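Novice: The following block contains the structure, expressed as structure tokens.
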Amino acid sequence: MMSLIDVCCILAVFLALTVLATHRIVGMIKLFALQSFFLSLVPLFLHAEALSGRDLMLSLVTMVLKAALVPAILFWTIRHISMRSEIKPILGFGASILCGAALIAVAFWISLSLRLPGKLTSSLVLPCSLATMLLGFMTMVTRTRAMTQVLGYMVIENGIFLFALSLFDAMPLLIEMGILLDIFVAVFIMAIVLNHINEEFERTRGSAVSRPKWGESQ
Amino acid sequence: MGGKSVILSFLIAIPFMGALAVLLPVRPLFRRWFFWAVSLTHALIVTFFWALRPAPEWQGYLVLDPLGLILLSVISLLFLAVSFFMIGYFQYEQRGNRIFTACLLALLSMMTLVSVSYHMGLLWVAIETTTLFSAPLIAFHRDWKSLEATWKYLLVCSVGIALALMGTFFLAIAAHDTHTLLLPAILSAAPSLSVNWLKLSVIFLFVGYGCKMGLAPMHSWKPEAYGQATGMVVVLMAGGLTQCSFLALMRVSQICYKTGLSDFYASILIVTGILSLVVPAVLLLSEKNIKRSFAFSSVEHMGILVLGLGLGGLGIFGALFHMVNNALAKVVMFLTAGSIAQKYGSSRVEDVRGIIHTYPMTGIFLIVSLFAGTGMFPFATFHSELLILNASIISKHYLLAGSFVLCLAVIFIGMARIVLAFVYGQPTEPVLAKKENFFMNTTIVVAAVVLLGVGLWMPVSLNRALHEAVTLIGAS
Amino acid sequence: MDFILNKALPVLFHWGGVCLFAPFFLGVIARVKAFFSGKTGPSVFQLYFDLAKLFRKKCVYSGTATWIFRAAPAVILGVMLTLSLMVPFGRFKAPVQFSGDVLLAVYLLAVGRFFMILAALDTGSSFEGMGASREAFFSCLSELALFMNFIVLALLAKSISLSQMIGANIPMSWGGMEPVLLLVVVSFFIVLLAENCRIPIDDPETHLELTMIHEVMILDHSGVDLAFMLHAAAMKFFIFSGILVSIIIPVRTGNAVMDMAIFFGGMLGLAVLVGVVESTTARFRLNRVRLLLLISFALAFFGLIVTLWRA
């Protein structure tokens, strides 16, 4: 089952790259949901010979929270705030794809000098999770819209999560659940704040109040 | 206290239950007193801990060690002060306080959890949760600026804390053989930890928690958030939240000490510390908003803490002492700034001048804040800063000592410039003419007096706890 | 006699196969697209009829056109025929194979494109000049991605001969490297769409000003010349999908008929897939085409990194 984890890892990076290259926010959310879905499958492949209840639970919770609820919240948010696409990225899309490719190389290069102790599930986990993280950062840094930044943050989280899921069992299940819940609540609060920002925008439309750029409606 | 002790869990649970309770539709006045009552109970229990340390709970996940005790006491004190201040503050606010109080109580619960958690994963969860509960507090005014500040705080801190999570996982890999992230287990397995992974983990943990602390390159959220949140919230953030992250950094320090990575960690700490002194020194000189300039002062104090931790020995003692002093100084500074902002509806120098003529008491408080915040003589902040300076001279970091003093001097000038402009000059009319309030003023006075008192005479028990804590981090 | 049997006959076979089958798959695509838009559509053999008609017609040349314009169709057709000799099609081994033939293959493509662009410029029409300029730009990017894909395949197969890379050694490459090959397949599919002017990149149906890339470049060609051009384009699609199918389906049953059936089934499936993609996606804006090709490059690059990492 080793290679199935590999496939998930590669897909995670692939989808992170496509999130970086997508300009429509709806598309980005869908890609993120797909990425989360593949990640949530990883625990199932971990101990293929003996699927434990813990793995199943983790997979299920991840799938529900990250692949269903978080995208649902994000969709709800963009329905309420009229933010459709990234307009003026700090770095152009073409350049950011090339930078993304370079970042992937960097992630693998860093991983070269890190030897994982103990038995490995897959050698691709570390470089791929680093690459996903870096691509998420790239998305956050180069995009100006609030929603795209949230998505970048979620991609970073997915990268971290990939790493966490497949490497060890040092975390008690309860704490891992706590981590997942925290991230979920974080997105929830971000969505609420965005909603307030949008209301405030509607309220002050046409007045001379200076508005932050990333809140622009259109 | 052998056997099954539940007092720590109880201490975490009370405020959390309280948070749920205040969500009930009751009169705002009741909420204010209820919040004060919970804080008082919390403070009483914590006082009791000074006499009798509680036993570990939850299979060693919750442990109160001297480091935690100091932080817990600081937090408890802050909440007591804020809850008392709030009784007065909300007399003038025509708005509900349901969510506000609930978030404050939840924050108290989570900060308590931070100070007693002995598992690095649990610590992360607790610190992240404090971010989430404090975000709604910043958006108190619900206008553009405060929402923008909330957003910035939420995003920067979430990303920062995500890095800390990665660092926690790296730590788990470094401590692969222990199969747990309980602090004692990691410490006892210290010699067998993988150094490369540990280094990576230390860097990530430092950047992550440092982001939450608002250290210099990651401080961008701080002036915005502190500038927009109400004074009470800022007190809790500047004195409590940031120091919770500092506790995490001290835990890292404990691990580094045991594994012989102290020098590596110290170099990171010292560089960031000095940077956190230089940046606010420069930015303060052109700041026109009192809250923002106090925020830069908070960056400075975080820099001092980190610097002390990095210098080791006497520096650690100084840093721990400074934790207490910084919290008290923040109470004075931000509660004063908060009451000014409430009275004048602004905290910008164009709108507020000549406070001493309109509100003599508040004017005096502002002057006191200046001295307390910049570490002038009679206040305890002076002593802790002196200790850290001393540590840097003992360890022959003369250049460091020189720039430390220089930065403090420049910061004093920057702060004095804006504070004096506020206090003296042609008085401007307050937007909302209000009387001085008993609750608000009492809180500030008591905090200032305690800060002064600790500076003149340090209680024996505090001294002992500080020394115990220092031995935990590993200095002789 | 030996020479004829061992060398010339396979070459003729290969050419015969390519020439004969190539237009069929474009017909399939057209049929799928017609189905999706609710029409019956032309027969799958329509391109054969078109070619037959065009071969009977005379060429018309503009007064400004030079010999380049006249030579281009023949050169392009020649290039495609030469190229096809290096590509194995299922059971049919490539008649020409040597170490490094993949480089020759890519550069033959470039030669064809070069003449296509020159001929378009030669007409002196600004309309075609614009198409030529776009073709030059996009092919820069797609060539990059194509090269990257070939590098990954070469590393996997430990050989730089096209026949080894996509033929003999593919089962071995699939052995433990499927994630990498997945990346290559996706990346190569994008290259295939780009090189053959399929919908997200270019619209083969129209030569409107907005969409013109390939179609507009052959606007001035007529008669036999146009037939050459169309046939060469069909062959190009055939060659590209042949390579992709060889990568995707590494099955070798040993039975010649079965193998051929699998191969042609794969080709047919790919043609249908292209038809579906063309029907369900909208043509990209020109500045997004660039992004698609860059993604294709980035994917192949990622594949390269993973391959190196594994090695």
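The values are calculated or read from the model by the stated rules, or taken from the named source; none is laboratory data. These numbers were taken from a predicted model, which means no experiment stands behind them. Backbone-built Cβ (ideal geometry, glycine too); neighbour counts: all protein chains shown.
Novice: Would you check if A:H80 is farther than 21 Å from C:W309 by Cα, of a type outside the set (D, E), within 12 Å of chain C (Cβ to nearest Cβ) and in contact (Cβ under 8 Å) with a residue 12 or more places away in the chain?
Specialist: Numbers: farther than 21 Å from C:W309 by Cα: yes; of a type outside the set (D, E): yes; within 12 Å of chain C (Cβ to nearest Cβ): no; in contact (Cβ under 8 Å) with a residue 12 or more places away in the chain: yes.
No, not satisfied.
Novice: Looking at this structure, is B:L64 surrounded by 20 or more Cβ atoms within 10 Å (Cβ to Cβ), more than 18 Å from the chain's Cα centre (by Cα) and free of Cβ contacts under 8 Å to residues at least 12 places away in the same chain?
Specialist: Working: surrounded by 20 or more Cβ atoms within 10 Å (Cβ to Cβ): yes; more than 18 Å from the chain's Cα centre (by Cα): yes; free of Cβ contacts under 8 Å to residues at least 12 places away in the same chain: no.
Considered against the rule, which asks whether it is surrounded by 20 or more Cβ atoms within 10 Å (Cβ to Cβ), more than 18 Å from the chain's Cα centre (by Cα) and free of Cβ contacts under 8 Å to residues at least 12 places away in the same chain, B:L64 comes out as no.
Novice: Take C:R283 and tell me if it is surrounded by fewer than 21 Cβ atoms within 10 Å (Cβ to Cβ), within 23 Å of C:C140 (Cβ to Cβ), basic (K, R) and touching a residue at least 40 places away in the same chain (Cβ under 8 Å). Quick ask: steps written out before the conclusion?
Specialist: Numbers: surrounded by fewer than 21 Cβ atoms within 10 Å (Cβ to Cβ): yes; within 23 Å of C:C140 (Cβ to Cβ): yes; basic (K, R): yes; touching a residue at least 40 places away in the same chain (Cβ under 8 Å): yes.
Spelling it out, C:R283 is indeed surrounded by fewer than 21 Cβ atoms within 10 Å (Cβ to Cβ), within 23 Å of C:C140 (Cβ to Cβ), basic (K, R) and touching a residue at least 40 places away in the same chain (Cβ under 8 Å).
Novice: Moving on to the next point. Is at least one residue of the stretch B:351-364 without any contact (Cβ under 8 Å) to a residue 60 or more places away in the chain and surrounded by 19 or more Cβ atoms within 10 Å (Cβ to Cβ)? I'd like the intermediate steps shown before the answer.
Specialist: Narrowing the stretch B:351-364 to residues without any contact (Cβ under 8 Å) to a residue 60 or more places away in the chain: B:360, B:364.
Then keep just the ones that are surrounded by 19 or more Cβ atoms within 10 Å (Cβ to Cβ); that gives none.
No, the stretch B:351-364 contains no residue that is without any contact (Cβ under 8 Å) to a residue 60 or more places away in the chain and surrounded by 19 or more Cβ atoms within 10 Å (Cβ to Cβ).
Novice: Could you give every pair whose Cβ atoms fall below 6 Å, whose first residue belongs to the stretch C:220-241 and is at positive phi, and whose second residue is basic (K, R), counting only separations of at least 6 or pairs across chains?
Specialist: Going by the 6 Å Cβ cut-off, the qualifying pairs are C:G223/C:K57; C:G223/C:K58.
Novice: Can you pull out every residue in the stretch C:184-199 that is assigned to a helix (DSSP H, G or I) and touching a Phe, Trp or Tyr at 6+ places or on another chain (Cβ under 7 Å)?
Specialist: Just the residues of the stretch C:184-199 that are assigned to a helix (DSSP H, G or I), to begin with: C:184-195.
Within the stretch C:184-199, C:L192, C:A194, C:E195 meet the criteria.
Novice: Just the residues that are of a type in the set (S, T, Y) and assigned to a helix (DSSP H, G or I), please, taken from the stretch B:216-226.
Specialist: Let us first name the residues in the stretch B:216-226 that are of a type in the set (S, T, Y), namely B:220, B:226.
Of everything in the stretch B:216-226, just one residue is of a type in the set (S, T, Y) and assigned to a helix (DSSP H, G or I), namely B:Y226.
Novice: Look at the stretch B:342-362 and say how many of its residues are more than 14 Å from B:I418 (Cβ to Cβ) and out of contact with any Phe, Trp or Tyr (no Cβ under 7 Å at 6 or more places or on another chain).
Specialist: Total meeting the criteria: 8.
Novice: Scan the stretch B:176-200 residue by residue and report those that are under 29 Å from the mean Cα position of the chain (by Cα), touching a residue at least 24 places away in the same chain (Cβ under 8 Å) and part of a helix (DSSP H, G or I).
Specialist: Result: B:L183, B:P184, B:I186, B:L187, B:L198, B:K199, B:L200.
Novice: Further question on the same structure: Within the stretch B:87-110, is even one residue touching a Cys at 6+ places or on another chain (Cβ under 9 Å), in contact (Cβ under 8 Å) with a residue 60 or more places away in the chain and over 21 Å from B:L20 (Cβ atoms)?
Specialist: no
Novice: Still on this model: Of the residues B:A391, B:A448, which single one is among the small types (G, A, S) and in contact with a Leu (Cβ under 7 Å, 6 or more places away or on another chain)?
Specialist: On the way: B:A448 fails: in contact with a Leu (Cβ under 7 Å, 6 or more places away or on another chain).
The conditions single out B:A391.
Novice: How many residues does the stretch C:243-262 hold that are modelled with pLDDT under 80 and not charged (D, E, K, R)? If you could, list the steps in order and put the result at the bottom.
Specialist: At the first step, the residues of the stretch C:243-262 found to be modelled with pLDDT under 80 are C:250-256.
After this cut, where a residue has to be not charged (D, E, K, R) as well, the list is C:250-251, C:253-256.
So the count comes out to 6.
Novice: Only residues in the stretch A:91-106 that are within 7 Å of chain C (Cβ to nearest Cβ) count as the first member; pair them with residues that are surrounded by fewer than 19 Cβ atoms within 10 Å (Cβ to Cβ) and in a loop (DSSP other than H, G, I, E, B), Cβ under 9 angstrom, at least 6 apart or cross-chain, and list the lot.
Specialist: From the stretch A:91-106, the pairs are A:F93/A:H23.
Novice: If you don't mind, another one. Of all the helices (runs of 4 or more DSSP H) wholly in the stretch B:359-475, which have at least 2 residues that are more than 30 Å from B:L80 (Cβ to Cβ) and in contact with a helix residue (DSSP H, G or I) (Cβ under 8 Å, 6 or more places away or on another chain)?
Specialist: In the stretch B:359-475, the matching helices (runs of 4 or more DSSP H) lie at B:380-394, B:398-423.
Novice: Conditions first: (1) loosely packed, with under 11 Cβ neighbours inside 10 Å; (2) at pLDDT 90 or above. C:V28 passes all but one, so which condition is the exception?
Specialist: So C:V28 meets the others, but not (1).
Novice: Let me ask something else about it. Being aromatic (F, W, Y), facing chain A (nearest Cβ under 9 Å) and under 21 Å from the mean Cα position of the chain (by Cα) is true for just one of C:F264, C:F297. Which residue is that? Spell out how you get there, then give the answer.
Specialist: Values: C:F264 fails: facing chain A (nearest Cβ under 9 Å).
Exactly one residue qualifies, and that residue is C:F297.
This table checks each residue for (1) acidic (D, E); (2) surrounded by 20 or more Cβ atoms within 10 Å (Cβ to Cβ); (3) touching a helix residue (DSSP H, G or I) at 6+ places or on another chain (Cβ under 9 Å).
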| site | (1), (2), (3) |
| --- | --- |
| C:E195 | yes, yes, yes |
| C:L219 | no, no, yes |
| C:L226 | no, yes, yes |
| C:A232 | no, yes, yes |
| C:F297 | no, yes, yes |
| C:G303 | no, yes, yes |
| C:L308 | no, no, yes |
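Novice: In the stretch B:162-184, which residues are crowded, with 18+ Cβ neighbours inside 10 Å, over 14 Å from A:F163 (Cα atoms) and more than 9 Å from chain A (Cβ to nearest Cβ)?
Specialist: Scanning the stretch B:162-184 gives B:L182, B:L183.
Novice: Tell me which of these A:L31 doesn't satisfy, since it passes every other one: (1) at pLDDT 90 or above; (2) away from every other protein chain (no Cβ under 14 Å).
Specialist: (2)
Novice: Sort out for me the helices (runs of 4 or more DSSP H) sitting completely within the stretch B:58-160 that have 1 or more residues that are away from every other protein chain (no Cβ under 14 Å) and not small (G, A, S). Give the derivation first.
Specialist: Numbers: elements: B:66-89, B:98-116, B:120-138.
The helices (runs of 4 or more DSSP H) meeting that bar are B:66-89, B:98-116.
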